[in-house]
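Shown next, in structure tokens, is the structure this report addresses.
Laboratory data are not the source of any read-out in this text; all were calculated from the coordinates shown. As the structure is a computational prediction, the values presented were derived from the model and not from experiment. With ideal geometry, Cβ positions are generated from the backbone for all residues, glycine too; neighbour counts draw on all protein chains shown.
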Amino acid sequence: MSQQAATRVALVTGGSRGIGRGIATALGAAGWAVGVNYHSRADAAEEVAAAIRAAGGQAVCLQGDIGDLDCHAALLAGVQEAFGPLDLLVNNAGIGTQVRGDLLEATPESFDVVLATNLRGPYFLTQRVARAMVERTAADPAARPKIVTVSSMSAYTASTSRGDYCLSKAALAMLTALFADRLAPHGINVYEIRPGIIATDMTGPVREKYDALIADGLTPIRRWGQPDDIARAVLAIASEMLPFSTGQVIDVDGGFHLRRL
């Protein structure tokens, strides 16, 4: 381990772009050492790492497809070897539906790809990280590691042109509840953050559609969300601002979740 034991260490999956980039850079600016996981964009991950270092944090880039369970051990080992035990896992990596279309024409191929990355991968990465965190807290009861999963308003909002995506995000809510219950006796809190309409490359193709919907009052707060909005929620958790909460769903959606008449 090359850094001091007091360094707070995070692993952010899908940390090279969009929401993950915002989370990783915000943690770095707050002095964290961050493992920036990426799938294919090494250049983007290096940009994030450079921004973290420029802000006074520390970073290491870690390649791996979260949907490939065989890479999980290397991801965890990579961040631990660079900085030490993990204090925070942020499950952020995710992909959209492969082909938007009629729910009645949805294919198992798209379903399998989306669920592998958005659910199966986070489920088993969380399991692996949780085991390491349990060992750590047994040896050091003062340690308070945490797990955050970034889901989506699609966890409860039906979108029939991308059912596989909605199902994957809905299942992450139960992932959070399950691990929160299992890990609470070990002092490990688990949270779900549900973004709304966030300005990223994933939402770029539907920019005009949502510009109009937001202007018409789709969300009480009439603006697009930004990756920094999600990052601020992660920082609140990481900074011990919610020590008596676990299994908590935090909506960061401009009020979209409100039921209004």
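Note: segment 13-65, Cα convex hull, 51 Å³ per residue.
Since only Ala158, Leu175, Ala106 are under comparison, the one whose Cα sits farthest along the positive direction of the charge dipole of segment 80-207, derived from C-beta charges on Lys, Arg, Asp and Glu, is Leu175. Over the chain, DSSP H runs of length four or greater, each weighted -39,500 (n - 2.57), average out per residue to a 222 nm ellipticity of -13000 deg cm²/dmol.
Per residue, the average separation of C-alpha pairs within less than 8 Å and at least 6 apart gives the chain a relative contact order of 19 percent.
About the centre of its Cα atoms, segment 129-221 shows a dipole size close to 240 debye [charges on the beta carbon of Lys, Arg (+1) and Asp, Glu (-1) only; nearest 20 debye].
Just flag the chymotrypsin sites (Phe, Trp or Tyr not before Pro) in segment 89-177 sitting in loop per DSSP whose Cβ has no more than 16 other Cβ atoms within 10 Å. It would help to have the intermediate numbers written out before the result.
On the way: sites: Phe111, Tyr123, Phe124, Tyr156, Tyr165; in loops: Tyr156.
Sparse-neighbourhood loop chymotrypsin sites (Phe, Trp or Tyr not before Pro): Tyr156.
Given the options Asp228, Asp102, Asp70, state which has the largest fluctuation in a GNM of the chain using a 10 Å cut-off (strictly under) for Cα springs. Its mean-square fluctuation being the largest, the pick is Asp102.
Counting only C-alpha contacts under 8 Å and six or more residues apart, can you give the relative contact order of segment 134-220 as a whole percent? It would help to have the intermediate numbers written out before the result.
On the way: 86 pairs, mean separation 29.0, N = 87.
Relative contact order, segment 134-220: 33 percent.
Once the dipole of the chain is set up with Lys and Arg at +1 and Asp and Glu at -1 on Cβ about the Cα centre, which of Ile237, Ala29, Leu88 lies farthest towards its positive end? Checked the options; the winner is Ile237. Annotation for Arg41 and Glu208: the two label points, set 7 Å from Cα along the Cα-Cβ direction, are 2.4 nm apart.
Counting only Cβ charges, +1 for Lys and Arg and -1 for Asp and Glu, the dipole size of the chain around its Cα centre is about 580 debye. Taking all Cα-Cα distances within the chain, those exceeding 34 Å account for 14%. For the chain, take the longest principal axis of its alpha carbons; what is the angle in degrees between that and the long axis of helix 42-54, to the nearest 10 within 0 to 90? In the chain, helix 42-54 runs at an angle near 60 degrees to the longest axis.
Using 1/(1 + (r/R0)^6) with R0 = 30 angstrom and r between the beta carbons of Ser239 and Leu69, what's the FRET efficiency to the nearest 0.05? Show your work: numbers first, answer last.
Numbers: r = 31 Å, r/R0 = 1.04.
About 0.45, to the nearest 0.05.
Can you give the Kirkwood hydrodynamic radius of segment 136-261 from its Cα pairs, in Å with one decimal?
Numbers: mean 1/r = 0.0630 Å⁻¹.
Every distinct Cα pair counted, the radius reaches 15.9 Å.
Expressed as a fraction of 2.2 N^0.38 Å, the C-alpha radius of gyration for segment 46-87 is 1.27.
Among Ala138, Ala42, Ala180, the largest mean-square fluctuation in a Gaussian network model of the chain (Cα springs under 10 Å) belongs to Ala138.
Seen from all sides and averaged, what is the projected area of the convex hull of the Cα atoms in segment 85-201, in nm²?
Values: hull surface 30.7 nm².
Taking a quarter of the hull surface, the average projection is 7.7 nm².
The angle separating the long axis of helix 18-29 from the principal Cα axis of greatest extent in the chain is about 30 degrees. In this simple spin-label approximation, Asp201 and Ala55 carry label points 7 Å from Cα along the Cα→Cβ vector, and these lie 1.9 nm apart.
Considering only Ala74, Leu261, Thr97, and ranking their Cα positions along the charge dipole of the chain that arises from unit charges at the beta-carbon of Lys, Arg, Asp and Glu, the one farthest toward the positive end is Leu261. Charge dipole of segment 174-222 (Cα centre as origin; +1 on each Lys and Arg Cβ, -1 on each Asp and Glu Cβ, all else neutral): 80 debye, rounded to the nearest 20.
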